[in-house]
């Protein structure tokens, strides 16, 4: 929900700012600078089509992806940022973790990947942190693989010290910032500093953003998506608000309501630079947060030309910006003027510098017309209005003529019912073109008459003569014969005056009501009704207010005659430039630490350059426990993951189900199956997976069953699949004809130690060295400890050795080891296939 709501505000901020500076509709279509910007309505429709989900909410996709399940987990970095997990019943699990942050911030918790890095053998609690471990494929971004983040404590201290020193000296600071993602973190930090250092708000803290007010209001409704402490505080605030409504005299409720961390009491929001200049004098010291961070357009680009000329003002960059942007040019100038040996990738802060370099860029804007341009524009508009008014008058006159003809036809049909089929309409104006002066018959009436040669502007349309443009109809009466024709025949009747008699439509109940008129009136009344603030939620009310504000602003902008101009600006960068990174992203240390702990079976690293790819591949390749399938593709390079496999749907037979011995392993129930595939007689039936005895009985003998297995093997259906868990064959007495038991799971000695201290074991267990646990009965004497002690060791990968004299203690320890695994009887065949990853007791 935060991404859908605040992401829409971010996009609207960008397109509205661009459209206020560039005439998008009149840009050249053949150049490379053509901008493809959506309209506000298109953005609204696009974001309304987004289906929102919550963290750890499995979402089953539809259509061609009907078999896939999509789940989102907290990624940190931004409000609503997600790590996505895609689960397929045939292809396994894919985890996509691109932008994520392992550090906790003021308003956001760290990513779920940090809490899930306890190792693949840790007992599962069924929480979201365990759901992203051991994926079949992990896709992550390594763009910052060679970067070391600065400690948050040092970063915040340097930023606050820079702000305090600058504004105390009477100078200003400019922070290019994005519209929503990183805006909240910086605003919370500065607002808290203002509350501590400048409680009387001597220095303005300004935010220039068209959607800034709504971003702040929306953020207050999404506190449950932020840190746990803020979510708890939000619940307390809601309860306090309800208590205050019930009891206005309750002082505690007022205090709780006023203690929201997103109140931002000292932040003043302005929609433009002009609005800020009207409210605050330009020579007053201030801190300005302006969008966008790249300074490609908008208020931050315009303010740079103002700040650059003052050597005491400071432009603080919180990110490097996109390649080729104005922000990247400033960062390059800052980095080039640092001391020798300085590297921002090593976690160092650096110091503000005065680059003294020249910048050349275009400054685009929309300005109102003045002087002769305004006069010419108004005259053109007046001429266009006159032309449209004349055209509307002509159309209205044509409609009145049509109504008059219809009324005349009605009266003729009432008086001359017998001659209705003989009536014809003539055009006298065209008789001279006809040989012999005969009338040309025009059977479709005036409404379908040919247009005059003069078009809509012909003066003949505005004049009348006695024949009303020659329209005539033939009438049969005693003055003339019905066969008389011609322009002077007595049977031809003319209309003398342009008078139109409007008739009212009546029926049995009186005058007919115009229903369309009342329906349009009803729609207008419903549109004018306001939303009840008590019944509508805060988000709907804010959305309605924003749409109304945007419509009013667009109407005001359209009413002012304006033009688009482009200025070529060349200035010397005389102000100080500082760089304090607040991007809220992971660094190389987090990548090299968390990726091995997630234990992916395959790893794809994207967005890294050649040096980063080589470094990450070398570091991760040296870890023996990590998979060898590590890919670092270049830009637009495709890689093939895994191999092509075939999936088939089978149905478990009744005899097989009745003989299963299920054993619980974490949240799963597993059983060892030894069965054959029985083909159906027809293709419509589902193939059945049945036990060997049932197959032999159905096929009348052991030979038939062997034949089925041989055919399936030759066709490639029966294949060897790598097990997804660590399995082994452990020799246990009394296993019967099978000769072994399948053990599933992994053992942690710390978990075993904790288990042995509780009933029914009650054994003392201590670590005697790395990878060795010594167990002895409680109260055992020092002299007899060697005979009763039992040691448990993990030797190599997947090997557990339990040593000790046969006795009660040995049986208890062995039972505890067995209890930490899922035991499935009949695992001889499966155990031998996983001998390298076996756990032996």
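Could you list all residues from the range 54-81 that are buried (at least 16 other Cβ atoms within 10 Å of the Cβ) and part of a loop (DSSP other than H, G, I, E, B)?
68, 75, 76, 77, 78, 79, 80, 81 - these are the residues of the range 54-81 that are buried (at least 16 other Cβ atoms within 10 Å of the Cβ) and part of a loop (DSSP other than H, G, I, E, B).
How many residues are in a strand (DSSP E or B) and either closer than 18 Å to residue 222 by Cβ or in contact (Cβ under 8 Å) with a residue 60 or more places away in the chain (or both) when one looks only at the range 93-117?
Narrowing the range 93-117 to residues in a strand (DSSP E or B): 93-97.
Within this subset, residues satisfying the condition of being either closer than 18 Å to residue 222 by Cβ or in contact (Cβ under 8 Å) with a residue 60 or more places away in the chain (or both) are 95.
Within the range 93-117, residues that are in a strand (DSSP E or B) and either closer than 18 Å to residue 222 by Cβ or in contact (Cβ under 8 Å) with a residue 60 or more places away in the chain (or both) number 1.
Give 88, 127 a once-over and let me know the one that is surrounded by fewer than 17 Cβ atoms within 10 Å (Cβ to Cβ), more than 23 Å from residue 4 (Cα to Cα) and either modelled with pLDDT under 85 or touching a helix residue (DSSP H, G or I) at 6+ places or on another chain (Cβ under 6 Å) (or both).
Testing whether each residue is surrounded by fewer than 17 Cβ atoms within 10 Å (Cβ to Cβ), more than 23 Å from residue 4 (Cα to Cα) and either modelled with pLDDT under 85 or touching a helix residue (DSSP H, G or I) at 6+ places or on another chain (Cβ under 6 Å) (or both) leaves just 127.
In the range 619-627, is there at least one residue being closer than 26 Å to residue 78 by Cβ, touching a strand residue (DSSP E or B) at 6+ places or on another chain (Cβ under 8 Å) and surrounded by 16 or more Cβ atoms within 10 Å (Cβ to Cβ)?
Within the range 619-627, the subset closer than 26 Å to residue 78 by Cβ is none.
No - not one qualifying residue is present in the range 619-627.
Report yes if some residue within the range 336-345 is more than 45 Å from the chain's Cα centre (by Cα), on the phi < 0 side of the Ramachandran plot and at pLDDT 85 or above; otherwise report no.
Here is the first cut: in the range 336-345, the residues more than 45 Å from the chain's Cα centre (by Cα) are none.
Within the range 336-345 (the criterion being more than 45 Å from the chain's Cα centre (by Cα), on the phi < 0 side of the Ramachandran plot and at pLDDT 85 or above), the answer is no, since none of the residues qualifies.
If residue 356 satisfies every condition in (1) in a loop (DSSP other than H, G, I, E, B); (2) surrounded by 14 or more Cβ atoms within 10 Å (Cβ to Cβ) but one, which is the exception?
(2)
Please tell me if residue 5 is out of contact with any helix residue (DSSP H, G or I) (no Cβ under 7 Å at 6 or more places or on another chain), crowded, with 21+ Cβ neighbours inside 10 Å and within 23 Å of residue 298 (Cβ to Cβ). Working first, answer last.
On the way: out of contact with any helix residue (DSSP H, G or I) (no Cβ under 7 Å at 6 or more places or on another chain): no; crowded, with 21+ Cβ neighbours inside 10 Å: yes; within 23 Å of residue 298 (Cβ to Cβ): yes.
So residue 5 does not fit the description; no.
Of the residues 754, 809, which is at pLDDT 80 or above, in contact with a helix residue (DSSP H, G or I) (Cβ under 6 Å, 6 or more places away or on another chain) and part of a helix (DSSP H, G or I)? Step through it out loud before you land on a result.
Details: 754 fails: in contact with a helix residue (DSSP H, G or I) (Cβ under 6 Å, 6 or more places away or on another chain).
Result: 809 is the single residue among 754, 809 that is at pLDDT 80 or above, in contact with a helix residue (DSSP H, G or I) (Cβ under 6 Å, 6 or more places away or on another chain) and part of a helix (DSSP H, G or I).
Wholly within the range 262-353, which helices (runs of 4 or more DSSP H) include no fewer than the required count, namely at least 2 residues that are out of contact with any helix residue (DSSP H, G or I) (no Cβ under 9 Å at 6 or more places or on another chain) and surrounded by 17 or more Cβ atoms within 10 Å (Cβ to Cβ)?
Numbers: elements: 273-279, 298-307, 326-336.
Here the list reads 326-336.
List the residue pairs whose Cβ atoms are under 7 Å apart, where the first residue sits in the range 801-827 and is closer than 24 Å to residue 662 by Cα and in the same structural domain as residue 790 (by TED's automatic domain parsing), the second is modelled with pLDDT of 85 or more and part of a loop (DSSP other than H, G, I, E, B), and the two are 6 or more positions apart or on different chains.
Hits for this filter: 812/761; 816/761.
The values are calculated or read from the model by the stated rules, or taken from the named source; none is laboratory data. Computed from a prediction, not measured in an experiment: that's the story for all the values here. Counting neighbours? That spans all protein chains shown, and the Cβs are built from the backbone with ideal geometry, glycine included.
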